[in-house]
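Shown next, in structure tokens, is the structure this report addresses.
What follows draws every value from the coordinates through simple rules; no lab data is involved. What you see is a predicted model, and the numbers here were worked out from it, not measured in a lab. Note that each Cβ is placed from the backbone with ideal geometry, even for glycine, and that neighbours are counted across all protein chains shown.
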Amino acid sequence: MKRAVCRRCHYPQSVCICDLLCELVSSQRIVILQHPSEARHAKNSAKLIKLCIPESEIWLGESAEDFTELQRSIKTRGGKVAVVYPNEDSVALESLSKKQRTSIDTLILIDATWRKAYKVWQLNPWLKQYSSWHFATPPTSQYDIRKTSIAGGLSTLEALAHALTLTQEIDTSELVTTFGEMQNRVFARHTSKRIT
């Protein structure tokens, strides 16, 4: 017998997180390129982004062909676009002037494991026409249910929260708190400590 699932948050009703959700409004278009394997993963943080920032967009795929419609949409909308993904050409977001940081209209993030995110980056040369950013001083990750050996590695949600703080100067602490509380409730047996 299948477990009853909440229609809103899509977690099992026994660990429904609807009461934990916050609502965040972004003046920037938020686009998440999600690897298909991540979409099937119960621990993916993009799912929570969509619940707390309903206007955010999740595009499923891996190759450039998977994102043809998205590419067309970005060109049609126009405006300045930045990809939050560390690479050999990315610049530290903190090093940019306030004018440069706040002029971005669309933020793109890749939601996948580090290995698969790199594959998405390589298979989508169209992303390289836009500015790409990394963090010089990333916050400490609270993604206790998934570990990475990458120094300064963040979940997609944490990377987005930090980027929004630096580009829009908005308080994203509620979003990060919701993320921690979700882990404690849904994946309690995997967390090593209470996240506050």
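Please list the non-local residues whose amide H lies under 5 Å from the amide H of Ile58, H modeled 1.01 Å from N, same-chain partners needing a gap of 5 or more.
Ile32
Pop out the ³J(HN,Hα) list for the range 34-45 in order, Karplus 6.51 cos²θ - 1.76 cosθ + 1.60 with θ = phi - 60°, rounded to Hz; leave Gly and Pro as x.
9, 5, x, 5, 6, 4, 7, 8, 4, 8, 5, 8
Pop the C-beta distance of Ala42 and Gln100 into the FRET formula with R0 = 35 Å and round what comes out to the nearest 0.05.
0.40
What length, rounded to one decimal in nm, is gained on full extension from Tyr130 through to Leu60, with 0.36 nm per residue of separation minus their alpha-carbon distance?
Working: separation 70, 0.36 × 70 = 25.20 nm, distance 1.99 nm.
Stretched out fully, the Tyr130 to Leu60 stretch lengthens by 23.2 nm.
Could you run the Debye sum over the Cα atoms of the chain, one equal point scatterer each and no solvent, and tell me log10 of I(q)/I(0) at q = 0.07, 0.11, 0.13 Å⁻¹, two decimals?
-0.20, -0.49, -0.69
Could you tell me the distance between the Cα centroids of the range 72-129 and the range 1-66, to the nearest Å?
20
Nearest 5 is fine: what % of DSSP beta bridges in the chain come out antiparallel, could you say?
5
I need the peptides 112-125, 33-46 ranked by packing, meaning the mean over residues of other C-beta atoms within 10 angstrom, with the highest value on top.
So the peptides 112-125, 33-46, ranked by packing, come out 33-46, 112-125.
Working out 0.36 nm times the residue gap between Val91 and Gln71, then minus their Cα-Cα distance, what length gain in nm do you get to one decimal?
On the way: separation 20, 0.36 × 20 = 7.20 nm, distance 2.27 nm.
In short, 4.9 nm is gained.
With label points built 7 Å along Cα→Cβ from the Cα atoms of Ile170 and Lys2, find their separation and express it in nm.
It is 3.4 nm.
Take the alpha carbon gyration tensor of the range 1-81, find the square roots of its eigenvalues, order them as a ≥ b ≥ c, and report rounded if a/c is under 1.5; if not, report prolate when a/b exceeds b/c, else oblate.
The shape class here is oblate.
Work out the FRET efficiency for Arg185 and Thr140 from their Cβ-Cβ distance, taking R0 = 25 Å, and round it to the nearest 0.05.
Using R0 = 25 Å, I get an efficiency of 0.75.
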